[in-house]
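First the structure, in the form of structure tokens, and then the observations on it.
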Amino acid sequence: MTNTPAVPPPFSRIKIRVGALVFCGAEVALIRRDRTGSRHYSLPGGNVEDGEDLTVALARELAEELALDTAAAEGRDLVWVLDQRVTRPGATPSPRKLHLVYRFHVSPAVRATLAERELDELPDGSHEAGVIEWIDHRRTAALSVYPPVGPALAALTDPRGTASGVALEAMTDSNYTWV
């Protein structure tokens, strides 16, 4: 008799993802991915590795995706937390994901040194290219952004101002669709 490990149910494990709102004035850096029939944006960031410090993970992800040394930026305050329970395509059970969104500010001189493209490694080892696009934060409400912070981002009266409510609406199958 063979023992086949049971497939864990969806959302039985949790992953933490750090992301950043990197502002230069009123503009925020988003990674744009153009796919057949759609355009999708994401915050720079990624999953925290097992045992990795959150600050280290955030610095690593911003260095990988934007070529940003966080020592050259102001801020790093936690702005929003978002709980994700969305069934994703594929055979792997969907994890529950906790998004921690931080805020940074860079000067025009630092912005000029940042990456303009980002390569995201896919499960098969190939890469998907993304374009770093600087968008006025007030224009993000209608954009497809992952995690879905566009409306809250657009509602900021000032990129350095206080954000209303730390916890954003949870992402679920009823309010989010993978692009």
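The values are calculated or read from the model by the stated rules, or taken from the named source; none is laboratory data. The structure presented is a predicted model; accordingly, all values stated were derived computationally and were not measured. Cβ placement follows ideal geometry from the backbone for every residue including glycine, while neighbour counts extend to all protein chains displayed. Heavy atoms of the whole protein, side chains included, go into the accessibility calculation; ligands, DNA and RNA do not. Shrake-Rupley method; radii C 1.70, N 1.55, O 1.52, S 1.80 Å.
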Inset, instruction - Would you please give the residues with an amide H less than 5 Å from that of Lys15, counting only those at least 5 places away or on a separate chain, with H modeled from the backbone geometry? - result: Arg96, Lys97, Leu98
Inset, instruction - Take the alpha carbon gyration tensor of region 82-125, find the square roots of its eigenvalues, order them as a ≥ b ≥ c, and report rounded if a/c is under 1.5; if not, report prolate when a/b exceeds b/c, else oblate. - result: oblate
Inset, instruction - Express as a percent, rounded to the nearest 5, the fraction of DSSP beta bridges in region 1-137 (both residues included) that run antiparallel. - result: 75 percent
Legend entry - Beta bridge orientation in region 84-179: antiparallel %, DSSP, nearest 5: 75 percent
Inset, instruction - Kindly express, to the nearest 10 degrees and within the range 0 to 90, the angle between helix 54-66's C-alpha long axis and the longest C-alpha principal axis of the chain. - result: 70 degrees
Legend entry - For Trp178, solvent-accessible area (1.4 Å; no DNA, RNA or ligand), Å²: 90 Å²
Legend entry - Interchain or long-range residues, amide H under 5 Å from Ser144's placed H: Tyr41
Inset, instruction - Compute the FRET efficiency between Thr92 and Thr55 as 1/(1 + (r/R0)^6), taking r as their Cβ-Cβ distance and R0 = 25 Å, and round to the nearest 0.05. - result: 0.35
Legend entry - Principal axes of region 41-179: Cα extent on each, largest first, Å: 45, 35, 30
Legend entry - Area of Tyr102 that stays accessible when all protein chains are in place (1.4 Å probe, Å², to 10): 30 Å²
Legend entry - Helix-only mean residue ellipticity at 222 nm for the chain, each DSSP H run of n ≥ 4 adding -39500 (n - 2.57), per residue, nearest 500: -3000 deg cm²/dmol
Legend entry - Rounded FRET efficiency, nearest 0.05, which uses the C-beta distance separating Ser12 from Arg117 and R0 of 45 Å: 0.80
Legend entry - GNM top mover of Pro148, Pro123, Pro108 - the chain, alpha-carbon springs below 10 Å: Pro123
